[in-house]
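A.B. asks: What follows is a single structure, and I will ask about it in a moment.
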Amino acid sequence: MASSLEGTHQLFYGSFIYSKSLDQLEYLHDAAVAVSSAGKIVAVERECGGKDKALEKISSRLGWGSDATTGFSKEVYETGEGQFFFPGFIDTHLHASQYPNVGIFGKSTLLDWLNTYTFPLEASLSDPAKARKVYSRVIRKTLSHGTTCAAYYATIDVPSTNLLADLCLAAGQRALVGRVCMDQLAPSYYVDESPEASLSATRESIAHIRQINPEGDIIRPVITPRFAPACSAPLLTKLGQLAAEMPGLPIQTHISENKGEIELVKELFPPESTGAKDDSYAAVYDAFGLLTDKTILAHAIHLTESEADLIQQRKAKVSHCPCSNSAITSGAARVRWLLERGIVVGLGTDMSGGYSPSVLEAARLAALVSRHVAMGGDETAKLSVEEVLYLATRGGAEVVGLEDKVGSFEEGMEWDAQLVGLGVLGEDGQVEGQEEEDGNVDVFGWESWEEKVAKWVYNGDDRNTRAVWVKGRLVHERK
Ligand code: GUN
Ligand code: FE
C-alpha cells in the first residue's frame, strides 16, 4: 500500500496560522500538514513533538506504517524562526488590464478617471504583444504578494481576455476571468457595437475558458457587465438571461462607488422603465436578474438600508476596495455595517483605481478606513487585525464561491498557502541569516504571535512572502 503512494505527498511542518472565525485566528505550532498530489490537505497533526515525530504521526495516519520516508515526494517544508504558513490571499476585485496605470490617477474621481486614464489604456490592450506583457506581469506581481486567487476584469477584447486566462492557467493562479461588457456611455474607440455583439463576444470568451480548463479548478469565466451606466437595458437583459442559462457562472460588477455614478443610474434606469422595485442601484441589477448569490459587487459604499436588505436577501457578495475608494475619493465603505446586515465581504485591490497589487495592503487600508468610519461617530466600525485577515482569506473565498476549498488549513481544504517570514533580529540588531534590507517587519524576540501578526499586517510586504502554493503547486518562490 505504501509503495503505491510513494512520492505523492508533500509535508509542511512548523507554524500555521489561519482564521477560525471573523475575529479569531487559529495558531498551530509544532504542527504538520500533509498535502496529496491533487493539492488536498489530507492530514493535519497538532503538537507533534518535533519534525520526526510529525512525519511518523502523519505516516501512520495515512496508512504507511511507521516508515516516515515512504509517501513524501520532496523535502519537508519547515518554518524557521519568525516564519509561518498562512492561507493565500484572495483578491476579489481587480482589473488586470489597468496594471500599467497603478499610481497614475492625479486628483481624479471615478467618471473623469475612467475617461482620462482607464479607457485609453484598456483599449490599447487589443495589441496582443502589449496584452501579453501586461498580463504576464500582473500575474507574477500578484502571486509574489501572496494572491493565490484573483477575480479579474480584462477588457472588451476577446483574444487578449482569453490570453489572460491562458496565462493564469499556465502560472497556476486561480482566477475568475471576465470579458468586460459595455455598450454605452463609453468612447467610440472602446465600446461594444451592440448588445448582441457584446453577448456573443462574452459567449466566445466563456467557451474558451471552459475549453482550456473544463474542471474549472484553476480558472473560471465570469459574466462582467462593467457597471450599470455603461450597459444598455437590452445588454443587461441579455446578460441576466445568460446568467440564468448558465447558473454556475459567477457575475461581477461595480455598485454604488461614487455619488455622480449613483445619480447617473437613477437618470438612466427609472424604475418605470425596468420594473425595478425602486430607483436604487441594487434594484436595477436585481430587475435584470444580475443580483444573485454568485454576484460580486465591488465597492458598495453609499448603499441605503433597503439596498443592503435586498443584497442580503439575494445573497450577493461585496468586494471592499479601501485603496481605490481612498485614492479616487469615492468614500469610506461601512464594512461593519455590511457585516451586521449579514452580507459576505471580501477584499479587493481594484487596481488601478487602487494603486497597490497587494491584498496585505488592502487589509491594512481596510483597517485604516474602518477607523475613519469610526471617527465619523460609529465606534464599533473599527476592524481588528484578525478581522481584516479574515476578509483577505475566508471572506474572499466565500465571495468567489470557493469557501469549501480555500481560506483555511483544515483537512479537506486545498493547499493554497503562503510562507511568511518576518525579520528576526539577532543580538547585534541585524536580521539573522539574511541581508539587512529584508523587509520592514523587525521582530525583537519578545513579541507574542498575535503581535507578530499585527506587525506583519501593518508593515509587511512582498519581501515577507517567501513562497506561494496553489492547490499544492509551488507558484512563487522568493530567491
Ligand atoms: N466603475 C466602472 N468601471 C470601473 C473601473 O474600471 N474601476 C472602478 N474602480 N470603478 C469602475
Ligand atoms: Fe473596479
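A.B. asks: Within segment 334-356, how many residues are away from ligand 2 (no atom under 13 Å from the Cβ), within 22 Å of Ser108 (Cβ to Cβ) and touching a strand residue (DSSP E or B) at 6+ places or on another chain (Cβ under 6 Å)?
C.D. replies: 0
A.B. asks: So, one more: Say whether the condition of being of a type in the set (Lys, Arg) and within 16 Å of ligand 1 (Cβ to nearest atom) is met by at least one residue in segment 213-235. Outline the logic, then answer.
C.D. replies: From segment 213-235, those of a type in the set (Lys, Arg) are 220, 226; that's our starting set.
Imposing the further condition that a residue be within 16 Å of ligand 1 (Cβ to nearest atom) reduces the set to 226.
Looking for residues that are of a type in the set (Lys, Arg) and within 16 Å of ligand 1 (Cβ to nearest atom), one finds at least one in segment 213-235, hence yes.
A.B. asks: On to the next question. Can you work out which of the residues in segment 73-101 that are over 30 Å from Phe227 (Cβ atoms) and among the aromatic types (Phe, Trp, Tyr) is farthest from ligand 2 (Cβ to nearest atom)?
C.D. replies: Tyr77
A.B. asks: A further question on this structure: Among the residues of segment 396-415, which ones are under 17 Å from Ile296 (Cα atoms) and not acidic (Asp, Glu)? Even if it seems obvious, please write down each step before you answer.
C.D. replies: To start, the set of residues in segment 396-415 that are under 17 Å from Ile296 (Cα atoms) comprises 396-403.
Within segment 396-415, Gly396, Ala397, Val399, Val400, Gly401, Leu402 qualify.
A.B. asks: Looking at segment 221-240, which of its residues are under 11 Å from His254 (Cα atoms) and in a helix (DSSP H, G or I)? Let's see the steps before the verdict.
C.D. replies: So in segment 221-240, the residues under 11 Å from His254 (Cα atoms) come out as 224-230.
The answer is Ala228, Pro229, Ala230.
A.B. asks: Given the condition under 21 Å from His145 (Cα atoms) and either in contact with a strand residue (DSSP E or B) (Cβ under 8 Å, 6 or more places away or on another chain) or assigned to a strand (DSSP E or B) (or both), answer yes or no: does some residue in segment 373-387 qualify?
C.D. replies: Scanning segment 373-387 turns up at least one residue that is under 21 Å from His145 (Cα atoms) and either in contact with a strand residue (DSSP E or B) (Cβ under 8 Å, 6 or more places away or on another chain) or assigned to a strand (DSSP E or B) (or both).
A.B. asks: Checking the structure you have, find out if any residue of segment 284-293 is under 21 Å from Val400 (Cβ atoms), among the polar types (S, T, N, Q) and in a strand (DSSP E or B).
C.D. replies: No, the conditions are met nowhere in segment 284-293.
A.B. asks: How about segment 143-190: which of its residues are within 15 Å of ligand 2 (Cβ to nearest atom) and in a helix (DSSP H, G or I)?
C.D. replies: Matches in segment 143-190: none.
A.B. asks: Quick one: how many residues across segment 102-148 are under 21 Å from Ser188 (Cα atoms), among the aromatic types (Phe, Trp, Tyr) and crowded, with 22+ Cβ neighbours inside 10 Å?
C.D. replies: 1
A.B. asks: State which residue pairs qualify: first residue more than 11 Å from Ile223 (Cα to Cα) and part of a strand (DSSP E or B) and inside segment 243-260, second residue among the aromatic types (Phe, Trp, Tyr) and more than 13 Å from ligand 2 (Cβ to nearest atom) in any location, beta carbons under 6 Å apart, and separation of 6 or more residues or different chains.
C.D. replies: The qualifying pairs are Ile255/Tyr281.
Each value in this text was obtained by applying a stated rule to the coordinates, not by laboratory testing. The structure presented is a predicted model; accordingly, all values stated were derived computationally and were not measured. Positions of Cβ are backbone-derived with ideal geometry, glycine not excepted, and every protein chain shown enters the neighbour counts.
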